[in-house]
Amino acid sequence: MVASLGGIDAPHRPVLLRETIEFLAPERGGLFVDCTVGLGGHSEAILESSNDTRVVGIDRDTAALRAASERLSKFGSRFRAAHADYKNLERVLTDIGESSPAGVLADLGVSSLQFDSPARGFSFRFDAPLDMRMDPDSGEPTAADLLLELPEEELARIIFEYGEERNSRRIAKWIVEHREHGEPITTTTQLADLVARAAGKKKRWQIHPATRTFQALRIAVNHELEGLARFVETAVDLLQPDGRFAVISFHSLEDRIMKQELRRLSGYCQCQSRRDVCTCGARRAVELLTRRPVTPDQDEIDTNPRSRSAKLRACRKLISVGS
Ligand code: SAH
């Protein structure tokens with residue numbers, strides 16, 4: 001699909017589409033929640049699978065919601081858009097008088113619309129203010145604000161933990177030196193140049209040296225990892241019996257949370273405590289449909305390089321849920 005918005009043409013190919021639809025099994029009909037509707041690729045496939053299927057599409061980006069609503073208008077009232085954080089899934093459904101979805105999907109991360117919009121500040125391919133908020137109307141701090149306000153140690157931690165960047169300390173130190181000299185880093189190009197300098201002249205770069213730092217800041221700005229485990233549990237609890245939950249993650253920190261939470265909800269006790277009593281809250285609420293995550297095949301990676309780090313996990317809610 002090509003969405004023309006804000007002067008850009010942003011094709012966004014839904015990742016692992018066929019596999020995701022197989023797990024969600026929307027041909028059964030009923031309510032499906034697309035927690036990250038983006039440009040509506042997955043939602044469209046869900047709606048096409050049966051006339052008895054309805055979709056509530058959540059996104060915290062109003063530009064994405066506009067594009068998805070336009071694309072999915074052909075389905076009339078079978079598609080509804082909700083501007084929200086999917087971590088408030090329960091409230092979103094209550095507010096519109098819905099409950100017990102037959103399927104919930106979360107395709108985490110950024111859309112091409114966000115990544116390819118010069119003004120949004122997600123990419124060092126364009127010179128722009130360092131914004132990176134998925135919801136620019138949120139009033140929350142931008143990436144530039146974080147670089148201006150956070151202590152050096154905190155910046156280093158974010159860049160190391162969320163970006164797995166070896167030069168995190170040096171990058172954080174230089175960012176802070178810049179602001180102390182009255183020259184704060186406020187644009188994508190300034191940050192990309194600083195990170196490239198910190199990386200030094202190396203052999204050939206496999207990826208641009210700023211990739212990891214940009215990813216780390218994006219995760220911090222959008223609180224991407226906070227409340228993820230809780231979200232999975234909420235989604236599973238809301239599902240109707242035999243309902244399906246599918247999640248696509250794009251980096252190892254996200255996938256680890258998904259893996260652990262889905263295992264716990266399938267009854268696998270992960271207590272490290274070696275006590276007699278389980279304290280991790282393992283319960284048998286779902287059957288895992290993926291022992292290992294499903295990843296894109298080479299064809300998909302070739303046609304859609306952004307799919308390369310995608311990992312899909314899915315589960316089915318048990319008809320009779322234990323506690
Ligand atoms: N599956 C979509 C693409 C999704 S891209 C398609 O086929 O077109 C991921 C989307 O999730 C982005 O639009 C982003 O704004 C949204 N998003 C990320 N985190 C979110 C959150 N916590 N709450 C709501 N939407 C979120």
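Taken together, the values in this text are just the output of simple stated rules run on the coordinates, not laboratory data. Just so you know, these numbers come straight off a predicted model, no measurement behind them. Cβ coordinates were reconstructed from backbone atoms using ideal geometry, including for glycine residues, and neighbour counts include every protein chain displayed.
With only the Cα atoms considered, the chain has a convex hull volume of 150 Å³ per residue. Rank Gln298, Gln215, Gln206 by mean-square fluctuation in a GNM of the chain with C-alpha springs under 10 angstrom and give only the top-ranked residue. Residue with maximal mean-square fluctuation among Gln298, Gln215, Gln206: Gln206. Each other residue within a Cβ distance under 9 Å of Ile58 adds +1 if Lys or Arg and -1 if Asp or Glu, for a net charge of -2. Between Arg80 and Asn51, full extension at 0.36 nm per residue minus the direct alpha carbon distance yields a gain of 9.0 nm. Within the chain, antiparallel bridges make up roughly 45 percent of the DSSP beta bridges whose residues both belong there. Label positions at Phe126 and Arg308, each projected 7 Å from the Cα along the C-beta direction, are separated by 2.3 nm.
Mean separation of Cα pairs under 8 Å and 6 or more residues apart, divided by the residue count, gives the range 1-144 a relative contact order of 23 percent. Using the average count of surrounding beta-carbon atoms within 10 Å as a protection proxy, the listed peptides 84-91, 114-121 rank, highest first, as 114-121, 84-91. With both labels modelled 7 Å from their Cα along Cα-to-Cβ, the Ser100 to Thr295 distance reads 4.0 nm. Gain on full extension, evaluated as 0.36 nm per residue between Ile319 and Glu164 minus their Cα-Cα distance, stands at 51.8 nm. GNM remark for the chain: springs join alpha carbons under 10 Å apart, and the peak mean-square fluctuation among Ile96, Ile58, Ile219 falls on Ile96.
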